[in-house]
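The values are calculated or read from the model by the stated rules, or taken from the named source; none is laboratory data. Quick caveat, the model's predicted, so the values are computed rather than measured. Quick reminder, even Gly has a Cβ in these numbers, built from the backbone with ideal geometry, and neighbours come from all protein chains shown.
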Amino acid sequence: MQTSKNWVQYFTQNLQQHRIDWNIVPNLTSNERQNILKSLQAWQLGETSDGSNLIKAATKYASKSNDENYVEAIKLFIKEEQKHGENLGRYLDLIGEKRIKKNWGDSLFRKFRGLHTDMEFWTIAVITVESAAQIFYQCLKDATNCKLLRQICTDILIDEAPHISFQIERLHVIFNQKNRLMKYLTYKYYYVFYFSTALVVWHAHQKLFKAGGVDFGRYWKKMSLKFEKTIEKLSKKKSTTYANI
Ligand SMILES: [Fe+2]
Ligand SMILES: [Fe+2]
């Protein structure tokens, strides 16, 4: 397993990577714009959260588990998400569309997250959203020929895989401190939360997914596979997710 210190090093180094050439002029057809705009605006908003609730949960957790570097790792993780939000926002500015301030899916998710203050719920929530994000950004990339937007998506996709590893590692620690009954109940809770969120995401962004060549059947299969992989990693005696990085 990576230590929080390793993650701090990884995020610090990754934040210095600049993989987008902002000299490229955006080139979005009106058909592409129609397919992607609403979803692009909604995810741009979703990526811009200040992360204060997550930092609060991480601070509480880190002091209980004597993992002082964990809060710093979480702060850098949030910074990376904000970088995604900023890049998507910059793209919206360039194509003359506005950055939205409110969206029902985002408000619902924020409200739900606000009810939970423990690290376990946060890691489950983040893994769920990141799993959908991987499919979403691949579809966004496939739904356009705009070179600049495709580069923005590639940059996000490169960042997202380690995000999932980072969260699964933490959930592995928390999960394996439980007895068998609690593990079973947690699994049930995780299952319901994960797949109901997956349905909401599909409902809100199906136009984009379809434009990226993913119908409901494929989407569901991809989400199910990601869920299985996560559970498999949680059930292992030792966390080995660092191999993904
Ligand atoms: Fe992100
Ligand atoms: Fe992420």
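Structure values in brief
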read-out	value
Residue list for region 110-152, filter: of a type in the set (Gly, Ala, Ser) and over 25 Å from Ser65 (Cα atoms)	Ser131, Ala132, Ala133, Ala143
Flag for Thr186 being under 29 Å from Leu37 (Cβ atoms) and β-branched (Val, Ile, Thr)	no
Residue count for region 1-23, restricted to those that are over 30 Å from Leu171 (Cβ atoms) and surrounded by 15 or more Cβ atoms within 10 Å (Cβ to Cβ)	1
Leading residue by the ranking (surrounded by the fewest Cβ atoms within 10 Å (Cβ to Cβ)) among those in region 31-42 that are over 18 Å from the mean Cα position of the chain (by Cα) and among the aliphatic types (A, V, I, L, M)	Leu37
Of the criteria (1) modelled with pLDDT of 95 or more; (2) crowded, with 17+ Cβ neighbours inside 10 Å; (3) in contact with a helix residue (DSSP H, G or I) (Cβ under 6 Å, 6 or more places away or on another chain); (4) part of a loop (DSSP other than H, G, I, E, B), which one Leu28 fails	(3)
Failed condition for Lys60, given (1) touching a Leu at 6+ places or on another chain (Cβ under 8 Å); (2) farther than 29 Å from Gly213 by Cα	(1)
Residue within region 232-240 that is within 30 Å of Leu37 (Cα to Cα) and touching a residue at least 12 places away in the same chain (Cβ under 8 Å) present	no
Members of region 54-70 that are away from ligand 2 (no atom under 16 Å from the Cβ), in a helix (DSSP H, G or I) and surrounded by fewer than 19 Cβ atoms within 10 Å (Cβ to Cβ)	Lys56, Thr59, Lys60, Ser63, Lys64, Asn69
Residue within region 170-187 that is in contact (Cβ under 8 Å) with a residue 12 or more places away in the chain, at negative phi and either within 16 Å of ligand 2 (Cβ to nearest atom) or among the basic types (Lys, Arg) (or both) present	yes
Unmet criterion (only one of (1) under 14 Å from the mean Cα position of the chain (by Cα); (2) in contact (Cβ under 8 Å) with a residue 60 or more places away in the chain) for Glu130	(2)
